[in-house]
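Novice: Below is the structure I would like to discuss, written out as structure tokens.
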Amino acid sequence: MANVPQEAIKLLQALMDQVEEPLKITFQNVHQGHLAETLKRFLKARDWNVSKAHKMLMDSLNWRVQNEIDNILAKPIVPAELYRGVRDSQLIGLSGYSREGLPVFAIGVGLSTFDRASVHYYVQSHIQINEYRDRVILPGASKKYGKPITTCVKVLDMTGLKLSALSQIKLLTIISTIDDLNYPEKTNTYYIVNVPYIFSACWKVVKPLLQERTRKKVQVLSGSGRDELLKIMDYASLPHFCRKEGSGSSRHSDDGAENCFSFDHPFHQQLYNYIKQQSVNNEPTEPIKQGSFHVDLPEPAPEGTEIVKTLESEFNKIGKKNCANGLSDSLNGLRINGA
């Protein structure tokens, strides 16, 4: 069995050596010179089945060509105030690097509202961050640390997670499906922090539905997770919502340079300026065009559909329970006041 992964990589590479233009160019943008690591990711996503991994990779390359993903880093979201609105409602940022050199991406799951732009802008922004990570951040980290770095870690802040998040499940499913099909195995570990009751209740029913490979990546930490995270990264790389012990986070901090979600954070300033510059380089005589970059939205896999249904069911149960508790409290209050 020890030789199976290496043999599978060789077989998949032989198949990919036959790829012609324009798929060959977009494949180079995907692997960025780390061919074996890329093939391994797609093989792991399909349980080392070479035929299935090959189909998955070819489907992904065709998706990239059909949707012009190679050009998405030259399509800025303008005007800047619209992009600021996206950043204020789709909370994600790069807070630093682990001691092994892996980029640390922070995601404000509980406080993201996705209510300042259309679905297509949020999908565009998500893919742009993926592509910037893969084409700029990871190659830069590989050069700095003198070794191939092709994955990242993510810290998910659940502060503020409410039943109203149910309305965002469709968009989040679209985003996660895009990642599953086209950016597989890019995350080493998901650290989940500042966990409220609603997450704990949902995690209990969703966890068994996840593939074992995914379950092993998820670590639910106590409180803000600061002490555990400091074992793998320096304090300077901690997301702002992990820097004090105990749960609690804010969407904004007074200092945009500290809050990696903010448009004013160095990561987002560098990303936005990079995209604007790429746009100018591609069309130096044309003004930057407004309007979202439309991408074909995928249908979720059966596993994803089942998870969504389970989440919806659990959210509804919690909602009914809260309503019942609220009614009971009101009746008790009436009895006390009446007495």
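The values are calculated or read from the model by the stated rules, or taken from the named source; none is laboratory data. What you are looking at is a predicted structure, and each value in this text was computed from that prediction instead of being measured. Don't worry about glycine lacking a Cβ; one is built from the backbone with ideal geometry, like all the others, and counts go over all protein chains shown. Note: areas computed on protein heavy atoms with side chains; ligands, DNA, RNA excluded. Shrake-Rupley method; radii C 1.70, N 1.55, O 1.52, S 1.80 Å.
Residues are listed down the side, and each one gets a yes or a no for (1) touching an Asp or Glu at 6+ places or on another chain (Cβ under 7 Å); (2) in contact (Cβ under 8 Å) with a residue 60 or more places away in the chain:
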residue: Lys52; (1), (2): no, no
residue: Arg64; (1), (2): yes, yes
residue: Glu81; (1), (2): no, no
residue: Arg87; (1), (2): no, yes
residue: Leu102; (1), (2): no, yes
residue: Gly108; (1), (2): yes, yes
residue: Phe114; (1), (2): no, no
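Novice: Still on this structure: Quick check: anything in segment 232-245 outside any loop (DSSP other than H, G, I, E, B), modelled with pLDDT of 80 or more and loosely packed, with under 13 Cβ neighbours inside 10 Å?
Specialist: Looking through segment 232-245, at least one residue is outside any loop (DSSP other than H, G, I, E, B), modelled with pLDDT of 80 or more and loosely packed, with under 13 Cβ neighbours inside 10 Å.
Novice: Specify which of the listed residues (Leu94, Leu73, Leu82) is open to solvent by less than 10 Å² (accessible area, probe 1.4 Å) and more than 18 Å from Glu185 (Cβ to Cβ).
Specialist: Sole residue among the options that is open to solvent by less than 10 Å² (accessible area, probe 1.4 Å) and more than 18 Å from Glu185 (Cβ to Cβ): Leu73.
Novice: Name the residues in segment 1-45 that are part of a helix (DSSP H, G or I), small (Gly, Ala, Ser) and under 29 Å from the mean Cα position of the chain (by Cα), would you?
Specialist: Residues satisfying the conditions are Ala8, Ala36, Ala45.
Novice: Could you give me the residue pairs with C-beta distances under 6 Å whose first residue belongs to segment 236-249 and is over 11 Å from Val104 (Cα atoms), whose second residue is open to solvent by 20 Å² or more (accessible area, probe 1.4 Å) and modelled with pLDDT under 90 wherever it lies, and which are 6+ apart or on separate chains?
Specialist: His240/Ser253; His240/Glu258; Phe241/Ser249
So that you can scan it fast, the table gives a plain yes or no per residue for (1) at pLDDT 95 or above; (2) not polar (S, T, N, Q):
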residue	(1), (2)
Asp179	yes, yes
Thr187	yes, no
Pro196	no, yes
Phe199	no, yes
Trp203	no, yes
Leu209	no, yes
Thr214	no, no
Leu221	yes, yes
Ser224	yes, no
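Novice: Going through segment 87-119 one residue at a time, which ones are assigned to a helix (DSSP H, G or I) and either touching a Lys or Arg at 6+ places or on another chain (Cβ under 6 Å) or modelled with pLDDT under 95 (or both)?
Specialist: Once the filter is applied, which keeps residues that are assigned to a helix (DSSP H, G or I) and either touching a Lys or Arg at 6+ places or on another chain (Cβ under 6 Å) or modelled with pLDDT under 95 (or both), segment 87-119 yields Ser89, Val119.
Novice: Here's something else I'd like to know. Anything in segment 183-209 that is in a helix (DSSP H, G or I) and open to solvent by 20 Å² or more (accessible area, probe 1.4 Å)? List them, or say none.
Specialist: If the condition is that a residue be in a helix (DSSP H, G or I) and open to solvent by 20 Å² or more (accessible area, probe 1.4 Å), then Tyr197, Phe199, Ser200, Trp203, Lys204, Val205, Lys207, Pro208, Leu209 are the ones that fit.
Novice: Right, another one. Working only within segment 120-150, note down all residues that are without any contact (Cβ under 8 Å) to a residue 60 or more places away in the chain and in a loop (DSSP other than H, G, I, E, B).
Specialist: Residues satisfying the conditions are Gly146, Lys147, Ile149.
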